[in-house]
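Undergrad: Submitted below is the structure of interest, expressed as structure tokens.
The values are calculated or read from the model by the stated rules, or taken from the named source; none is laboratory data. Please read these numbers as outputs of a predicted model, since none were measured by experiment. Methodologically, a virtual Cβ is constructed for each residue, glycine included, from the backbone with ideal geometry; neighbour enumeration extends over all protein chains shown. With ligands, DNA and RNA removed, areas are computed over all heavy atoms of the protein, side chains included. Shrake-Rupley method; radii C 1.70, N 1.55, O 1.52, S 1.80 Å.
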Amino acid sequence: MRLNRLIDHTNLKPEATSSDIKKLVDEAIENDFYSVCVNSSFVKLIKDYNKDVKITAVVGFPLGAMATSAKAYETKCAIEDGANEIDMVIEIGRLKEKDYDYVIEDIKAVKEACGNNILKVIVETCLLTEEEIIKACDLAVKAGADFVKTSTGFSTDGAKAKHIATMRKTVGPNIGVKASGGIHTASEALEMVEAGASRIGASKSIEICAEVK
């Protein structure tokens, strides 16, 4: 296993500048990371700067509480600008109040806007019970998601191996599981992989891979 090839090298800071994002791209190319993960406003800049790097754009980030039509439109714009993958946040409150039809339609609308591109669904595990994590994963799969993802990194906690294990058990072997949020060391990243993660989102990617080397 080449850990670097599982990593979405991430900068989602609100204060990130164009030069910060170009640096992220340079680092991703130099270290052969799977993709860069950025806010959608930077997708076109990256595509103009380096056409070779894969781009993951976040949508409805970080709260997930935007109108479905807004998420779908943001997705459409990101794909048109050159994004290869979309990481969307579910409507967490609707999940918690068991409005499952809303959650499914929200995800379906974004998946439709994605076309053949990969959709990862962020469920924000730190705000959910285990039962809710299982339900969120079930709904994501039913709605056509390609991955489920733990966290935005902007809430009360990040990825936990126990949650990854639950997600992997729920979605089975053919749906991706992305661990993201609070992964700072190689041992933490490897713990996530061992629990079932097939992708890692991290801003400390270089330090993680340096430890492995």
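Undergrad: What area, in nm² and to one decimal, does the C-alpha convex hull of the chain cast on average over all directions?
TA: Seen from a random direction, the Cα hull of the chain projects 10.4 nm² on average.
Undergrad: Within the stretch 1-82, what whole-number % of the accessible surface is contributed by carbon and sulfur, with the 1.4 Å probe and all protein chains included in the calculation?
TA: For the stretch 1-82, the apolar C and S fraction of the accessible surface comes to 52 percent.
Undergrad: If I stretch the segment between Arg5 and Ala70 completely, what's the gain in nm (0.36 nm per residue apart, minus their alpha carbon distance), one decimal?
TA: 20.2 nm
Undergrad: Taking Cα pairs under 8 Å and at least six residues apart, what relative contact order does the stretch 1-141 come out at, in percent?
TA: 18
Undergrad: Have a look at Thr170, Thr75, Thr156 and tell me which one the Gaussian network model of the chain (Cα, springs below 10 Å) gives the largest fluctuation.
TA: Comparing Thr170, Thr75, Thr156 in the GNM, the peak value goes to Thr156.
Undergrad: Can I ask one more? How large is the charge dipole for the stretch 3-211, taken about the Cα centre, if only the Cβ atoms of Lys, Arg (+1) and Asp, Glu (-1) carry charge, to the nearest 20 debye?
TA: Dipole magnitude for the stretch 3-211 comes out near 280 debye.
Undergrad: Please calculate how many Å² of accessible area the chain carries per residue, with a 1.4 Å probe and no DNA, RNA or ligand atoms counted.
TA: Accessible area per residue, the chain: 45 Å².
Undergrad: Separate question: Among Met88, Ser41, Ala67, which residue has its Cα furthest toward the positive end of the charge dipole of the chain, with +1 on Lys/Arg Cβ and -1 on Asp/Glu Cβ?
TA: Met88
Undergrad: Could you work out the local net charge near Asp48, counting Lys and Arg as +1, Asp and Glu as -1, over the other residues with Cβ closer than 12 Å to its Cβ?
TA: +3
Undergrad: A 18 angstrom limit on the alpha carbon distance is what I want to check against. Which of Lys54/Lys120; Lys23/Lys44; Lys96/Lys160; Lys13/Lys51 exceed it?
TA: Lys96/Lys160; Lys13/Lys51
Undergrad: Something else now. Quick one: length gained pulling Ile29 to Lys98 fully straight, 0.36 nm per residue minus the C-alpha distance?
TA: So the chain would gain 20.6 nm between Ile29 and Lys98.
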